[in-house]
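Remarks on the structure that follows.
The values are calculated or read from the model by the stated rules, or taken from the named source; none is laboratory data. Being a predicted model, the structure only gives us computed values, none of them experimental. Note: ideal-geometry Cβ built from the backbone for every residue, glycine included; neighbour counts use all protein chains shown. Surface areas here come from the heavy atoms of the whole protein model, side chains and all, with no ligands, DNA or RNA. Shrake-Rupley method; radii C 1.70, N 1.55, O 1.52, S 1.80 Å.
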Amino acid sequence: MTGGDVVLQTTNATNATGAGVSRPPSAPLADSIAGMLGLDGVVGAVVGGLIGAFLIANVMLTTTAIAGPWAKRKITASFTDRIAVNRVGPFGLLIIVADSVRLLSKELIVPDGVDRPAWDLAPIVITFSALIGFAVIPFGSGLQLADPETGVVFVFAAASIASVGVVMAGYASNNKYSLLGGLRAIASNIAYEIPLIVTAASVVIFAGTLQMSEIVAVQRQPLVTVAGVTIPQWFAIVNPFAFALFTLANLAEIGRNPFDLPEAPTEIVAGFQTEYSSVYFVLLYLGEFIHIFLGGAIAATLFLGGPAGPVLPGFVWFYVKMWAFFLFTQWARSAVPRLRIDQFLDAGWKGMLVLSFANLALTAILVGVIV
Amino acid sequence: MSDSAPDRFRSDPTQVETDTRDARISGTDDRFNSKLRQAFGASPFILTKFDQFMNWVRGSSMFMLQFGIACCSIEMMHTYAVKHDLDRFGAGVPRASPRQADVIIVPGTIVSKFAPRMKRVYDQMPEPKFVVGMGSCTISGGPFQEGYNVVKGAEEVIPVDIHVPGCPPRPEALIYGVAKLQERIATGESSPVVVKPYELEEFGDLDRDEVVDQLAEEIDEDDLVMRYNWADSP
Amino acid sequence: MSLEEPGPDADAAAVARAADEMEALVGEHVRSRDDHLNAPGYVVRPDAVQDVLGTLREEANLDHLSCVTAQEYEDRYESIYHLKSYDDPTHEASVVVPTPKDDPRSESAAPVFRTADWHEREAYDLVGVEYEDHPDLRRILLPETWQGHPLSLDYDQERPQIVPLREHANPLEDDQEGDEGETMYLNIGPHHPATHGVLHLKTTLDGEQVIDVDPDIGYLHRCEEQLCQKSTYRYQIMPYPDRWDYISAGLLNEWAYARAIEDMADIEVPEYAQVIRTMGAELCRIAAHMLAVGTFALDVYGDFTAIFMYAVRDREKVQNILEDLTGQRLMFNYFRLGGVVWDLPDPREEFFESIRDFLDHLPGSLEEYHDLISANEILQVRTVDTGVLPPEVAKSYGATGPVARGSGVDYDLRRDDPYGYYDELDWDVVTEDGMDNYSRLLVRLREVEESAKIIEQCVDLLEDWPTDDRTIQSNVPRTIRPDDDTEVYRAVEAAKGELGIYMRSDGTEQPARFKIRSPCFSNLQTLPEMSNGEYIPDLVASLGSLDIVLGEVDR
């Protein structure tokens, strides 16, 4: 991994100095794996890319497996004065194995009248759209699968495919609750995607690039030094307003409280997932959690300096930031009531959209004046 | 007599094993065969371990159906909540959709109007599924047994794995019941065979009797119906 | 009830005078008098029901149709309309409508009192009286295909029954042939996380908006009235009330039966027992309101979140105290005719200590609730001005309890028709004028404070109660046979509102008719009024704010 680190450092250095110079998209992790295997050219790119993708996907799936059946329960339990799983294995950790195997081994019920290809594809689309997003996320320590110049655009594009999946699931399930969930998902995604991306655009204006690694690199520069402690130029510190907007829109985008309208238990049973069982349910469940982590990863990259942090290696810091975001969503889930759909959309179109454009305009002016 | 005795009581253990195994493999008696065993033929060790593992899995983690009927559901909520925390046993995630649930706790009196709906919810759950009958009402109708509208126990409608008596049972009792269920599943005792005491029938299939004739106008031939005879029930 | 008879003779005379005045108002229709223990009863012709009820409502201020009881005698059917006044619930009258055996038709009261709609459907369903001019006379508790009327005299319980399950019933289908329809029909329940049990809401949606909702009840109709009619007054009936409103409100329900039978059989209750009853009942009210708040939060927040768990935590504390007192967590069976079953647990100091401990912590946890729920801006946005129930509508539907008080109707039987020890204690009736879901939530939270005040005073009283005067039960005969044809309707303020019991004796040990007036039954009727035109989440929140218990709705 140290080798990868070096690679990342060097690419960053070159990028930072040679910004604006067109060059082929870099793929740090794939390159370093290919380098380790002694392959180069197309073969090296393909083999390195595949192995890298395998690695990243597994890291994320494992993370989700820990988060879904175990961490979520433990976190919720500590918010509500309970203990939660503690009988199966140490700290109840074996519940991860038990839960996942049991869910996978359940009967897969295909209800009458479902719209077959769409119904089957929906869980896959939801899960993999989120996983694909991780392709351009710089985890730090050289763990970045690809680093295209349009990284930010790619990650948002990939993440929003999930709403297509949700709509497919809702529409194809032949269940009115699912349909309502699907419709809510469309409405919320259209309303909150725009503020989300417009807010991200303000970061892009600051950084002057769409490339993930460069956005991270820009944030590494010092902002101020107070009493010997250098505060880096994290965009969350530079523009806390944008960060707050982004976090809110992000919550809506990943469908968490107080914006968990597409699922909304107690209103529409389980929303778009009502009819799914067994493997498909596992996929949906995974998809949901990977989305939370993707949301966390984007927030960390754009606003929290990516893998930056003292002492510990970059990857660990990045991981911690993702988990912090996960914890935040669970906290919101335990403590914040859900908005009604019309209020939610009102807040989106009349509030978030206006604020995010105001933020964009202000940022543009400031950057234009200062630079 | 003395000739047939060795046949009836075989004392040679290897003989017994071979016979049983042969019966299983040849398919003359496949009662003990899981699908995997049928697929893989006889290689008992791995499959036994696999079965054990699956039993452990099913016994250690279960999603409950968020399902409330009557008085017992209040104690059921308490069992999920702060003090008793059923989630310690890996059984504290209530799912609102029956498609994602493993265990249905039947917490209360079942009346004629609700019985077919409950049956429907049970049918919507994916196999393997388990039923915990909570409270006296699910055993016999409890204090309401003599009511004109009360179904006398959950077993009249769906198969029950564990009965937890009480009116209502204390949360501790329900936890004990769930733990017992887990223990049974883990040791492979809980039978995966689903006994169906009654099915929902289509109205058109019923034998013509006085009641059916009276209702023939009102009910569509394709409607599902539950037929319940209070005189015959326990 | 020694506490409420300051001048029996003067009182009786005043009551008689008031009754005669009322009779003069509707004199032309009154065929005879059939007075009940609690109120004068006017026998009227079946075709004069609307006239009589309308006149009494306008002229005599009897604006609360508390209950409609139907029953079958050997020679006739009878519907009884129990009328009260919201301003003064002791101002009562019963309108008795006999109908012939071979043609049990009676005029419906639904055009005068909207609450009569459901009450008369129930009477039709269970007893078989038919109401003319009723907007929608179908079965309400039993399945539509039920054969016979189970509370009629010649009902054969052994008869087989067939219950249909229509998979995709859509009552709007006929109106919306083809692709013209713009609405969607949605069954919410009977198994749905938001219905608090087994309620079925037939909902018609336009997008996310509810344009029509029709509650379908009866999924928990456990024949409580029939079972009570089969049980003896002295011992066998008392366990059943615990199971009507099963959310720990057991003692409040038991009190409804105790009050009715104690009036009917003229049983005295010692003061000491009254204080214990009052204390126990208010503990129950706290527990019930805690769950109401918790599940309301569950409906609005959407998961088993912190508030729900905190509410359950506080309920556990109350239940521990009640368990010490009664020996059970939920189904207490603690009241006896003429008192309670046993004295406070020993050592008394420890018991009082535990109650005081709970009361000391209560303001803290209430503040926590206010921080988490009522002060939360999102919750306010969600609940203020949603599920609006104007006071006149609430009255017309016979809404009582926190639902009525949340609409500004100042009506609480504990104060207005005092029983137990309430009139000796210092507490206030809580009302809010918001008429919305938020007000109902606030009323419940504030009522917890009032209940705590009452409990505190009771504990003070009990601590100082002289040792030689601790009579927990008066002398009650082993079997109770009230006089033949005694009729009484008595109500108490249960957790959800006015819980009334009508009983008619026939000289045996068992009541000939036992009718339960459940507050939730009337409160639930207001749901369409509150929800039509609103969004699904508001429908769910309104349902949560009504705080219904299906055991009590369906009985």
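Across the protein assembly as shown, Cα-Cα distances exceeding 60 Å account for 20% of all pairs.
The mean number of Cβ atoms from other chains found within 10 Å of a Cβ in peptide C:496-507 is 0, as a whole number.
For chain C, the alpha carbon positions stretch 75, 58, 48 Å along the principal axes, listed from largest to smallest. Rolling a 1.4 angstrom probe over the protein heavy atoms with all chains in place gives region A:122-187 an accessible area of 29 Å² per residue. Normalised by 2.2 N^0.38 Å, where N is the number of residues, the alpha-carbon radius of gyration of region C:96-146 equals 1.08. Once backbone amide H atoms are built at 1.01 Å from N, C:ASP34 has C:GLY41, C:TYR42, C:VAL43 as its partners under 5 Å, excluding neighbours fewer than 5 places away on the same chain.
Step through the table entries B:LYS129/B:LYS180; A:LYS106/B:LYS180; A:LYS74/B:LYS83; B:LYS83/C:LYS317; B:LYS113/C:LYS515, compare each Cα-Cα distance with 18 Å, and write down the pairs that go over it. Walk me through the numbers before you get to the answer.
On the way: B:LYS129/B:LYS180 15 Å; A:LYS106/B:LYS180 21 Å; A:LYS74/B:LYS83 15 Å; B:LYS83/C:LYS317 10 Å; B:LYS113/C:LYS515 21 Å.
Going by Cα-Cα distance, A:LYS106/B:LYS180; B:LYS113/C:LYS515 fall outside the 18 Å limit.
Restriction of the GluC sites (Glu not before Pro) in region C:104-169 to DSSP coil positions whose beta-carbon has at most 12 other beta-carbons within 10 angstrom yields C:GLU158, C:GLU167.
Counting only chymotrypsin sites (Phe, Trp or Tyr not before Pro) that DSSP places in a loop and that have at most 15 other Cβ atoms within 10 Å, the longest clean stretch of chain C runs over C:343-555.
Relative contact order of chain A, taken over Cα pairs closer than 8 Å and 6 or more residues apart, is 22 percent. Reported value for region C:2-132: 119 Å³ per residue, from the convex hull of its C-alpha atoms.
Scale the Cα Rg of region A:71-219 by the rule-of-thumb value 2.2 N^0.38 Å and send over the ratio, two decimals. Please list the in-between numbers first.
Values: Rg = 19.8 Å, N = 149, 2.2 N^0.38 = 14.7 Å.
Against the empirical 2.2 N^0.38 Å value, I get 1.35 for region A:71-219.
Taking 17 Å as the cut-off, the amide N atoms of region B:200-218 that come nearer than this to a point 7 Å along the Cα-to-beta-carbon line of C:GLN147 belong to B:203-218. Just so you know, the Rg over Rh for region C:320-457 is 1.03, from Cα atoms, with Rh as the Kirkwood radius.
Sequence-distant contacts, meaning Cα pairs under 8 Å at least 6 residues apart, place the relative contact order of chain C at 17 percent.
On the protein assembly as shown, 56 percent of the accessible area sits on carbon and sulfur atoms, based on a 1.4 Å probe. Amide H contacts for C:LEU165 (H built 1.01 Å from N in the peptide plane; partners 5 or more residues away or on another chain; cut-off under 5 Å): B:LEU224, B:VAL225, B:MET226.
Across peptide B:104-113, the mean count of Cβ atoms from other chains lying within 10 Å of each residue's own Cβ comes to 6.
What accessible area, summed over both chains, is buried at the C-B interface (1.4 Å probe, Å², nearest 100)?
On the way: alone 21820 and 14410 Å², together 30930 Å².
Counting protein atoms only, the buried area is about 5300 Å².
Would you please report the Å³ per residue occupied by the convex hull of the alpha carbon atoms in region A:167-238? Mind dumping the intermediate values first?
On the way: hull volume 8.7 nm³, N = 72.
With only Cα atoms used, region A:167-238 gives 121 Å³ per residue.
Work out which residues of region C:148-167 lose at minimum 20 square angstrom of accessible surface when the other protein chains are put back, relative to the chain isolated, with a 1.4 angstrom probe, and list them by number. Residues passing the criterion (a loss of at least 20 Å², heavy atoms only) are C:PRO150, C:GLN157, C:GLU158, C:ARG159, C:PRO160, C:GLN161, C:ILE162, C:VAL163, C:PRO164, C:LEU165, C:ARG166, C:GLU167.
To the nearest 500 deg cm²/dmol, what mean residue ellipticity at 222 nm is calculated for chain C from DSSP H runs of n ≥ 4 alone, each contributing -39,500 (n - 2.57), summed and divided by the residues?
Details: 17 runs with 212 residues, N = 555.
Taken over chain C, the calculation gives -12000 deg cm²/dmol.
Heavy-atom accessible area for C:GLU424, with the other protein chains in place and a 1.4 Å probe, reaches approximately 100 Å². Pairwise inverse Cα distances across region A:114-370, averaged and inverted, put the Kirkwood hydrodynamic radius at 18.7 Å. For region B:53-186, the orientation-averaged shadow of the C-alpha convex hull comes to 7.0 nm² (one quarter of the hull surface). Loop-located trypsin sites (Lys or Arg not before Pro) in region C:433-529 (DSSP state other than H, G, I, E, B) with a sparse environment of at most 10 neighbouring Cβ atoms within 10 Å: C:ARG478.
Note down the relative contact order for region A:123-234 as a percent, whole number, built from C-alpha pairs under 8 angstrom at least six residues apart. Before the final figure, lay out the partial values.
Values: 123 pairs, mean separation 26.9, N = 112.
After rounding, I find 24 percent.
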